[in-house]
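Here is the structure we will look at, set down as structure tokens.
The values are calculated or read from the model by the stated rules, or taken from the named source; none is laboratory data. If you're wondering where the values come from, they're calculated on a predicted model, not measured in any experiment. Heads up, the Cβs are rebuilt from the backbone with ideal geometry, glycines too, and the neighbour counts pull from every protein chain shown. The area values use the complete protein model at the heavy-atom level, side chains included, leaving out ligands, DNA and RNA. Shrake-Rupley method; radii C 1.70, N 1.55, O 1.52, S 1.80 Å.
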Amino acid sequence: MLPDLQFAFRQIAKSPGFTAVIILTLALGIGGNTAIFSIVDATYLRALPYPDPGRLVHLSERNPQWNDMDVSYPNFLDWHAGQDVFSALAIYRTDGRKLETAGGAEQVAIAQVSGDFFPAVGVHAALGRDLTPADDRVGAAPVLWLTDAAWRRYFAGSPRLVGRTVLLDGQPTTVAGILPPDFRFHRQADLFVPLDPFADQLFMRERANHSGTAAIGRLKPGVTIAAARAQMAAIGRRLEQEYPKDNAGLGVNVVPLRERMAGEARATLFLLLGAVGMVLLIACVNVANMLLARSFGRAREMAIRTALGATRWSLTRQLLVESLLLAGFGGLVGALLGAWGQMLIGRLMPWEMRALLADAGAGGLGVPVFVVALTLATGLAFGLAPAWQSSHANPNDALKNTRPIMRTLFGRIHLADGLVVVQVALALMLLVGAGLMIRSLIRLAAVNPGIRPDRVLTLRVATPPQETHRSDPLGYVRYHEQILERVQALPEVESAAFVSALPYTWNTSYNEFFRADQPAPAPGHYPTASFHLVTPDYFRTLGIALVRGRLFDGHEPAPLMAPGEVLSLASLPKLYAGIELSAVVSQSMADRIWPGEDPLGKQLQIGQPEWNLPKMRVVGIVASTTQLGADRGDGPEYYLLLRQWPAPMGLHLAVRTRAEPAGVLGSVRSAVRAAAPDSPIFDVELMAERMADFSSDRRFNIGLFTFFAATALLLASIGIYGVIACLVGQRTRDIGVRMALGARRGHVLWEVLARGLRLAVPGIAAGLAGAWAVSRLLQSQLFGITATDPLTYTVAALVLLLTAVLACWVPARKATRINPTEALRAE
């Protein structure tokens with residue numbers, strides 16, 4: 001083996017240019033596969049950063065309208081009491097709170113969790129004590145647990161912090177513990193607090209309230225996911241019978257936590273891995289063709305070595321050692337390219353995939369093993385055909401310069417030609433995929449979002465404590481109106497408004513309702529719509545057009561609370577006695593609820609009849625918005641005035657500026673601080689950027705697919721060029737003789753081009769069939785077109801055909817310029 005390796009080094013060193021081209025070709029394919037696989041490994045294959053992660057499951061609820069709902073807190077308490085398949089079952093929700101630190105007020109992400117949360121995720125406090133069920137009770141002393149990163153960021157990692165009191169939303173709260181440095185929750189959270197003490201403030205005791213919560217469970221040893229699903233389904237059916245109005249049609253979803261986290265991204269990542277795998281296959285075919293071309297030049301060498309006693313196995317082994325050595329060099333360069341590509345892709349990928357990458361567990365041997373295995377497989381893949389051909393060549397044919405041929409439906413095709421056909425077919429499949437995605441994005445961009453995002457700046461301001469809101473809901477309104485007054489007074493500001501569910505933020509709220517002029521629907525069949533609490537200038541600020549009726553004018557009557565009264569669901573009927581809410585609905589909601597009718601002046605009842613909530617009357621109809629992205633359509637929406645319905649919800653501030661928003665941001669910050677000096681400002685982003693984020697996954701896929709397709713097209717054109725150029729070089733004497741006998745240059749040109757087209761056309765036919773066969777894998781990534789769109793297939797085929805003609809043109813032109821005298825003299 002050592003002599004073979006030494007000989008292989010000498011052979012590679014003899015042709016540095018040839019070697020460099022092969023290594024770069026392989027490095028491109030191996031590097032791309034390594035980059036994509038490293039992300040697949042981190043986000044899907046690698047274990048979650050929890051102890052024994054295979055036993056962790058995610059629980060949510062579902063009904064006939066929504067397949068994945070937040071969990072009702074009373075339902076969760078019944079789950080917890082009735083189950084015996086989980087060693088720990090916890091509910092959690094994430095929110096934002098104001099934390100007082102030495103450097104001032106900071107807006108932090110908190111996770112409100114139930115008492116079993118720490119056992120569920122398998123974590124213990126590194127400093128201090130653990131959370132216990134006793135902490136998760138109304139009346140328990142307020143406590144919190146900090147992540148290691150938040151402890152170091154906000155309190156400089158002081159070990160004396162444990163047991164001390166800090167202000168969280170103005171409430172003195174004891175720091176009970178610091179979590180380990182390697183603990184990462186799969187939801188953004190800086191600190192953890194018990195949930196139950198906040199349940200009344202958030203109206204979570206109502207069984208019909210599904211307020212941003214999810215559940216996580218740890219299966220007992222030996223319990224299967226199927227057994228957990230069966231038991232939770234039985235509990236869900238029992239709760240439906242006990243609470244038919246609130247739980248009608250309500251079921252329970254139980255899925256592995258890994259599947260929940262990587263479900264949507266998984267399909268995208270494996271699709272990209274398949275695409276880059278095709279690029280590597282094309283690269284292997286290209287290298288195989290290059291080695292075949294060189295083996296034709298070495299045919300006499302092999303014939304002589306055979307005559308001197310070399311066996312077929314020794315020749316095959318020698319050539320495979322050369323191929324594996326080339327693959328090894330290509331793998332080394334490819335690993336470097338893959339590491340660089342992973343960093344680049346990591347910066348370009350959409351936020352949800354970046355979140356998965358950030359939550360991945362510690363790195364393992366997956367990627368190095370993959371690179372080594374891929375390098376070996378690649379060396380064998382492109383080395384076997386040339387090695388087999390060279391070792392099995394007939395010495396007489398070799399001395400006569402006869403090329404091996406295969407007989408097909410398209411006539412006699414040489415082995416190198418057949419490999420080019422494969423290249424063309426694979427390249428066309430990638431071109432079709434990229435074309436479908438590009439056309440899909442064009443269709444998506446043509447959808448009217450219903451808003452004008454130009455010159456709109458958005459941000460959030462920390463809200464007053466929720467306990468303050470319960471005793472003075474209009475104080476909550478005045479707080480936001482004071483901020484608006486300051487911001488709207490700026491000369492650079494055209495208009496400004498607060499909104500509870502800003503489009504393109506995933507911050508949505510859905511309410512049940514029914515028509516007041518019709519009987520209430522059966523339980524489980526109430527219509528729902530996304531609702532927004534807004535201030536009067538919201539529609540002007542976001543550029544939402546009025547279709548009919550009027551908008552809010554600021555004169556709508558507001559509820560008044562008596563001193564000392566506390567806001568609750570029981571007090572709402574008295575608070576809104578004689579007050580009717582004014583509502584503005586979207587066109588899509590008007591079409592859905594009042595088909596063929598005039599919605600203006602019609603009444604809607606919020607919630608179920610026994611809740612005694614106020615009615616709302618439609619005063620205006622506005623254009624529908626694609627609030628969750630253009631590909632999700634324009635669902636029903638309605639708007640209420642914040643002063644009329646002052647619910648304690650986090651609000652976004654939207655500001656339409658007269659100039660570029662970036663230049664106005666400083667003035668807006670100063671105005672907000674002047675009105676609310678102790679309230680942190682966070683989540684600052686242009687509206688156009690928020691909208692772009694919602695299509696970032698499609699643009700990411702399109703960018704990578706287009707790059708892979710362009711690379712495949714380049715490699716395929718190089719393959720066609722190489723075969724035709726080799727053919728012209730081998731037929732120099734023949735072409736020279738024919739031209740000496742009077743053959744016209746145009747005829748020679750066409751003959752060479754036709755030779756190239758005989759390679760391209762079968763490849764295009766096979767590529768179209770292959771693309772059609774696997775098209776269903778792409779359908780979930782498309783919008784507005786089908787995966788069998790004829791126009792895309794036709795354009796892709798024409799692009800590849802034109803590329804093939806251009807690849808043949810250079811050697812064809814070279815053939816027409818052969819001097820017959822020099823060609824014959826050279827022979």
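Assigned to a strand (DSSP E or B), more than 18 Å from Arg62 (Cα to Cα) and of a type in the set (D, E, K, R) - does that describe any residue in the range 163-184? Looking through the range 163-184, none of the residues is assigned to a strand (DSSP E or B), more than 18 Å from Arg62 (Cα to Cα) and of a type in the set (D, E, K, R). Would you say Pro197 is open to solvent by less than 50 Å² (accessible area, probe 1.4 Å) and under 33 Å from the mean Cα position of the chain (by Cα)? No; evaluated as a whole, the condition is false for this residue. Step by step: first the residues of the range 504-521, then only those that are under 20 Å from Arg643 (Cα atoms) and part of a strand (DSSP E or B), then the one that is most open to solvent (accessible area, probe 1.4 Å). Which residue is that? Step by step, filter the range 504-521, then rank; the result is Tyr510. Restricting attention to the range 623-669, and to residues there that are open to solvent by less than 20 Å² (accessible area, probe 1.4 Å) and out of contact with any helix residue (DSSP H, G or I) (no Cβ under 9 Å at 6 or more places or on another chain), which single residue is modelled with the lowest pLDDT? By that ranking, first place goes to Gln627.
To keep it simple, each residue is scored yes or no on (1) surrounded by fewer than 18 Cβ atoms within 10 Å (Cβ to Cβ); (2) modelled with pLDDT under 90; (3) touching a Ser or Thr at 6+ places or on another chain (Cβ under 8 Å); (4) in a strand (DSSP E or B).
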{"position": "Tyr479", "(1), (2), (3), (4)": "no, no, yes, no"}
{"position": "Phe498", "(1), (2), (3), (4)": "no, no, yes, yes"}
{"position": "Leu502", "(1), (2), (3), (4)": "no, no, yes, no"}
{"position": "Pro523", "(1), (2), (3), (4)": "yes, yes, no, no"}
{"position": "Pro536", "(1), (2), (3), (4)": "no, no, no, no"}
{"position": "Arg540", "(1), (2), (3), (4)": "yes, no, yes, no"}
{"position": "Leu551", "(1), (2), (3), (4)": "no, no, no, no"}
{"position": "His555", "(1), (2), (3), (4)": "yes, yes, no, no"}
{"position": "Leu569", "(1), (2), (3), (4)": "yes, yes, no, no"}
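When the range 799-814 is limited to residues that are small (Gly, Ala, Ser) and closer than 22 Å to Ala765 by Cβ, the one that is surrounded by the most Cβ atoms within 10 Å (Cβ to Cβ) turns out to be Ala804.
Scanning the range 600-607 turns up no residue that is in contact with a Ser or Thr (Cβ under 9 Å, 6 or more places away or on another chain) and assigned to a loop (DSSP other than H, G, I, E, B). The set of residues in the range 143-161 that are open to solvent by 50 Å² or more (accessible area, probe 1.4 Å) and more than 35 Å from the chain's Cα centre (by Cα) comprises Pro159, Arg160. In a residue-by-residue description of the range 670-692, the property of being open to solvent by 60 Å² or more (accessible area, probe 1.4 Å), at pLDDT 80 or above, small (Gly, Ala, Ser) and under 30 Å from Leu628 (Cβ atoms) applies to no position. Trp313 satisfies every condition listed in (1) surrounded by 18 or more Cβ atoms within 10 Å (Cβ to Cβ); (2) modelled with pLDDT under 65; (3) not polar (S, T, N, Q) except (1). Within the range 421-465, the residues that satisfy the criterion of being open to solvent by less than 10 Å² (accessible area, probe 1.4 Å) and either acidic (Asp, Glu) or touching a Lys or Arg at 6+ places or on another chain (Cβ under 6 Å) (or both) are Val456, Ala462. Sub-8 Å Cβ pairs linking a first residue in the range 669-684 that is of a type in the set (Val, Ile, Thr) to a second residue that is part of a helix (DSSP H, G or I), at least 6 apart or interchain, are Val672/Ile483; Val672/Arg486; Val672/Val487; Ile681/Arg669; Ile681/Val672; Ile681/Arg673; Val684/Leu665, ordered by first then second residue. The listed residues are Ala42, Ala111, Ala27, Ala102, and the only one of them that is touching a residue at least 24 places away in the same chain (Cβ under 8 Å) and in contact with a strand residue (DSSP E or B) (Cβ under 7 Å, 6 or more places away or on another chain) turns out to be Ala111.
Once the range 205-229 is narrowed to residues that are in a loop (DSSP other than H, G, I, E, B) and in contact with a strand residue (DSSP E or B) (Cβ under 6 Å, 6 or more places away or on another chain), the residue that is surrounded by the most Cβ atoms within 10 Å (Cβ to Cβ) is Thr213.
For Ala577, are the conditions met, namely being over 35 Å from the mean Cα position of the chain (by Cα), closer than 22 Å to Tyr476 by Cβ and outside any strand (DSSP E or B)? It is true that Ala577 is over 35 Å from the mean Cα position of the chain (by Cα), closer than 22 Å to Tyr476 by Cβ and outside any strand (DSSP E or B). So for the range 143-160 (the condition being in contact with a His (Cβ under 9 Å, 6 or more places away or on another chain) and in a loop (DSSP other than H, G, I, E, B)), does at least one residue qualify? No, the conditions are met nowhere in the range 143-160. Pairs linking a residue in the range 196-214 that is more than 16 Å from Asn511 (Cβ to Cβ) and polar (S, T, N, Q) to a residue that is open to solvent by 40 Å² or more (accessible area, probe 1.4 Å) and outside any helix (DSSP H, G or I), with Cβ atoms under 6 Å and 6 or more positions apart or on different chains, are Thr213/Asp70. Filtering Leu337, Leu332, Leu344, Leu324 for residues that are open to solvent by 10 Å² or more (accessible area, probe 1.4 Å), assigned to a helix (DSSP H, G or I), modelled with pLDDT of 70 or more and within 17 Å of Met290 (Cβ to Cβ) leaves a single hit, Leu324. One residue alone among Val255, Val276 is buried (at least 16 other Cβ atoms within 10 Å of the Cβ), out of contact with any strand residue (DSSP E or B) (no Cβ under 8 Å at 6 or more places or on another chain) and either assigned to a strand (DSSP E or B) or among the β-branched types (Val, Ile, Thr) (or both), and that residue is Val276.
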